[in-house]
Amino acid sequence: MASKPPDWLRGCGTALITPFQADGALDEPAFRRLVRFQLQEGIDFLVPGGTTGETPALSLEEHARIVAVTVEEARRDSRPVPVLAGAGGNNTGHVIELARRMMEAGADAILSVSPYYNKPNPAGLVRHYAAITQAVKLPLVVYNVPGRTGSNILPATLAQLARIPGVVGVKEASGNILQMAEIIAALPGFRVLSGDDSLALPLLALGGHGLISVASNEIPRAMTALVHHGLNGDFAAARKLHYRYLPLLQANFVESNPIPVKAALARMGLCQEVYRAPLAPLAESSRRVLEAALESAGLI
């Protein structure tokens with residue numbers, strides 16, 4: 001491993017949604033309310049500008065703005081709350097430009113999804129991430145989500161990426177527990193964060209370091225407690241929270257993320273249920289599943 005991860009890169013971070021107004025414009029007041037809600041509920045770090053934030057549909061200026069707002073609100077909190085800003089894509093030059101804007105906005109580190117569609121080989125991934133970290137001197141967390149990118153970053157490839165100065169961790173959303181175990185075993189000190197709420201508990205049991213959560217948009221205190229219990233070895237308490245909220249964790253993915261979680265937050269009064277194309281509102285059958293899960297969780 002080439003770089004020491006920052007001490008704060010553990011625990012539970014929220015992959016923040018991006019609220020929009022009825023006309024589709026960025027809803028900055030609603031976004032500020034969501035960030036303040038996260039801070040009040042004790043989240044460990046914040047992740048604006050990721051794919052949960054509908055960033056493929058944001059302009060560069062909008063993307064930079066939501067990160068700047070997150071940093072501003074986080075700095076006002078009574079405790080330091082770091083910001084891990086999303087900066088990913090399949091054009092290395094564009095990602096470097098975006099990462100520079102995230103650094104200018106005050107981000108503490110970068111979360112960068114692996115290039116989608118063009119599916120680079122291991123040498124291409126090394127070239128991509130090395131170029132980003134050479135251009136932008138912030139810690140970088142690789143995001144592996146093969147269900148969205150079309151390719152899986154295997155443990156052997158991640159070991160190569162971990163040798164790049166500045167690459168300090170991975171958000172692992174492959175859904176493959178064995179793969180996560182191999183990464184933890186092979187890369188001591190490298191931060192391994194779950195990208196799936198429902199797999200946070202087993203990842204923590206294997207020695208993982210935390211979670212970048214969708215559900216913590218809705219239940220930040222509970223998801224943070226679940227992760228902290230796991231990190232502290234209190235798996236009975238972590239298991240209790242896992243099963244308490246499992247219907248919600250599943251309902252959040254009844255359709256493509258972030259459609260269900262945004263619908264849930266709108267139902268909770270935290271934002272409007274507005275999406276940018278090509279996303280569209282939930283089908284009625286999915287909405288019924290989500291409503292039942294929200295009721296079960298005591299959120300409505």
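Only one of these is small (G, A, S), out of contact with any Leu (no Cβ under 6 Å at 6 or more places or on another chain) and either buried (at least 24 other Cβ atoms within 10 Å of the Cβ) or modelled with pLDDT of 95 or more (or both): S216, S194, S198. Name it. Spell out the reasoning first.
On the way: S194 fails: out of contact with any Leu (no Cβ under 6 Å at 6 or more places or on another chain); S198 fails: out of contact with any Leu (no Cβ under 6 Å at 6 or more places or on another chain).
The conditions single out S216.
In the range 159-173, how many residues are among the hydrophobic types (A, V, I, L, M, F, W, C) and assigned to a loop (DSSP other than H, G, I, E, B)? First the steps, then the outcome.
So in the range 159-173, the residues among the hydrophobic types (A, V, I, L, M, F, W, C) come out as 159, 161-162, 164, 167-168, 170, 173.
Subsequent filtering for residues that are assigned to a loop (DSSP other than H, G, I, E, B) retains 164, 173.
Matching residues across the range 159-173 total 2.
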Worksheet item: Of the residues in the range 175-191, how many are in contact with a strand residue (DSSP E or B) (Cβ under 9 Å, 6 or more places away or on another chain) and farther than 19 Å from P5 by Cβ?
Response: 1
Fill in: Tally, over the range 163-181, of residues that are out of contact with any helix residue (DSSP H, G or I) (no Cβ under 9 Å at 6 or more places or on another chain) and either buried (at least 18 other Cβ atoms within 10 Å of the Cβ) or under 22 Å from L138 (Cβ atoms) (or both)
1
Item to complete: Could you list all residues from the range 257-300 that are under 16 Å from A215 (Cβ atoms), assigned to a loop (DSSP other than H, G, I, E, B) and over 23 Å from the mean Cα position of the chain (by Cα)?
Response: G298, I300
Worksheet, complete the sentence: Considering residues that are without any contact (Cβ under 8 Å) to a residue 40 or more places away in the chain and touching a Ser or Thr at 6+ places or on another chain (Cβ under 9 Å), the number found within the range 155-195 is 4
Fill in: Unmet criterion (only one of (1) touching a residue at least 12 places away in the same chain (Cβ under 8 Å); (2) assigned to a helix (DSSP H, G or I); (3) surrounded by fewer than 19 Cβ atoms within 10 Å (Cβ to Cβ)) for N152
(2)
Response to the item:
So, first residue touching a residue at least 60 places away in the same chain (Cβ under 8 Å) and over 16 Å from F31 (Cα atoms) in the range 249-277, second residue crowded, with 22+ Cβ neighbours inside 10 Å and not aliphatic (A, V, I, L, M), Cβ within less than 9 Å, six or more apart or across chains; the pairs are N257/T52
Worksheet item: Does A200 count as closer than 30 Å to K4 by Cβ and either assigned to a helix (DSSP H, G or I) or touching a Ser or Thr at 6+ places or on another chain (Cβ under 7 Å) (or both)?
Response: yes
Response to the item:
Residue hits (the range 45-78; over 22 Å from P281 (Cα atoms), crowded, with 20+ Cβ neighbours inside 10 Å and among the small types (G, A, S)) are A64, A74
Worksheet entry | V192 on the phi < 0 side of the Ramachandran plot, under 20 Å from the mean Cα position of the chain (by Cα), aliphatic (A, V, I, L, M) and outside any helix (DSSP H, G or I) | yes
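The values are calculated or read from the model by the stated rules, or taken from the named source; none is laboratory data. Quick caveat, the model's predicted, so the values are computed rather than measured. Cβ sites come from the backbone with ideal geometry, for glycine too, and all protein chains shown count toward neighbours.
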